[in-house]
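Here is the structure we will look at.
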Amino acid sequence: MSGDSGEKLNIELNLVPFIDLLSSLVLFLLLTAVWVQVSAINSQIQKKGAASAAKREDEQLSIRLTQAGFELSWPTALTGDEYPAVIPKSNNAFDYPALQSRLKQGMAKMPSLSASVNADDEVDYGAVIRTIDAGKQSGLPTVGLEG
Amino acid sequence: MPASKADFPPWDWKADVPLKKARLRISDYRDNRKALVNNTERKIRSVSLSLTSMVDMFAILVIFLLSSQDSVNHMLDTGHAVQLPKAKTSAPPPQGIALEISPAGIYAHSEKLLAIENVQSQDPKAMSALTTWLSKQLQLIPAEETAKRLNLVADERLPYGTVRRVVALARRTGFTELNLAVEPRP
């Protein structure tokens, strides 16, 4: 583009302030960003002991974590060797795969099966969460936490 | 009095040398100045950066950070060295009331409500601060919302008895649902 004088017009943008602004914005966003991804498991709060009282009516399974392993209280419709009362620990750790397979068997026979989880005071909270997770993975529509 | 010959001495060319030197100096200065300007221009040309790609990169970074900011709003406060349990079946936590249980104590919005010893003690009065806080938060939930949700951010190493006391207190206060914060496991 040329003017009357014949000199070329300099149309270059001054990008330096724009870069300053962007770099400040990037720094601010990087500092305020939260890098640890957090999710949540939804769970109903159930009154302690209510699960065992209501299991026959509600077709509810009660899972209790103890130092020995899982103690399961199945609904009356689910009886037999496929539905054991205890799943012992394996190598001093809770046997989540075994629990999951039993829950899947229960779900196959009773699709409306729901569960409530409780634990001894000494059991780690992390183990309770893994149990709820195993229940959800097995397809249980509702996994409650007794409190 | 007429001028004598002595009044017009012969032209001494050597006397003009300083003037010549001065002329040379001026011309030298001009030449040097031109060379300096040319060199500077050359240098400027050689070090000029292509800023467009840099601006592009910054713009993409800003867009990425701004879009991830939306999910940041759904994040829960996980300070106070809380080690979250891991789970496969999880969803982004909804916004709501959040309570954090760390090995040091119970926190709400970075404010310490209780020391962990108070939670573990059998004295019901030891948890009065938490009861008051939960009751206040429950009143903030709109009446039309049937599910009274509480986001619970608890450390996986805690004994379940500690967490259960808080859950039981939340149930007695009127909360019906829990969102248990976890770290997604692939």
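The values are calculated or read from the model by the stated rules, or taken from the named source; none is laboratory data. Values in this document were obtained by computation on a predicted structure and should not be read as measured data. As a convention, Cβ positions derive from the backbone with ideal geometry for all residues, glycine included, and neighbour counts pool all protein chains shown.
Miscellaneous remarks
- Whichever residue in region B:132-169 is hydroxyl-bearing (Ser, Thr, Tyr) and within 14 Å of chain A (Cβ to nearest Cβ) and, among such residues, is surrounded by the most Cβ atoms within 10 Å (Cβ to Cβ): B:Tyr160
- Counting only helices (runs of 4 or more DSSP H) that fall entirely inside region B:70-186 and contain at least 2 residues that are in contact with a Cys (Cβ under 6 Å, 6 or more places away or on another chain), no element qualifies.
- Set side by side, the residues B:Ala98, B:Ala104 differ, and just one is closer than 27 Å to A:Thr142 by Cβ, modelled with pLDDT of 80 or more and surrounded by 12 or more Cβ atoms within 10 Å (Cβ to Cβ), which is B:Ala98.
- Candidate set from region A:100-147 (those that are free of Cβ contacts under 8 Å to residues at least 12 places away in the same chain, of a type outside the set (Gly, Ala, Ser) and under 21 Å from B:Lys86 (Cβ atoms)); member that is nearest to the other protein chains (Cβ to nearest Cβ): A:Tyr125
- Complete set of residues in region A:88-102 that are of a type in the set (Ser, Thr, Tyr) and assigned to a helix (DSSP H, G or I): A:Tyr96, A:Ser101
- Failed item in (1) within 22 Å of A:Leu31 (Cα to Cα); (2) within 10 Å of chain A (Cβ to nearest Cβ); (3) modelled with pLDDT under 70, with B:Asp70 passing the rest: (2)
- Test: residue in region A:115-137 that is more than 24 Å from B:Val153 (Cα to Cα) and not in a strand (DSSP E or B): no
- One residue stands out among those in region B:115-131 that are at pLDDT 85 or above and within 30 Å of A:Thr142 (Cβ to Cβ): the one that is surrounded by the fewest Cβ atoms within 10 Å (Cβ to Cβ), which is B:Thr131.
- B:Thr89 meets all of the listed conditions (1) without any contact (Cβ under 8 Å) to a residue 40 or more places away in the chain; (2) under 28 Å from A:Gln67 (Cβ atoms); (3) over 31 Å from the mean Cα position of the chain (by Cα); (4) at the interface with chain A (Cβ under 10 Å from one of its Cβ atoms) but one, namely (3).
- Pick from region A:1-37, criterion among the aromatic types (Phe, Trp, Tyr) and at pLDDT 80 or above, ranking: farthest from B:Phe58 (Cα to Cα): A:Phe28
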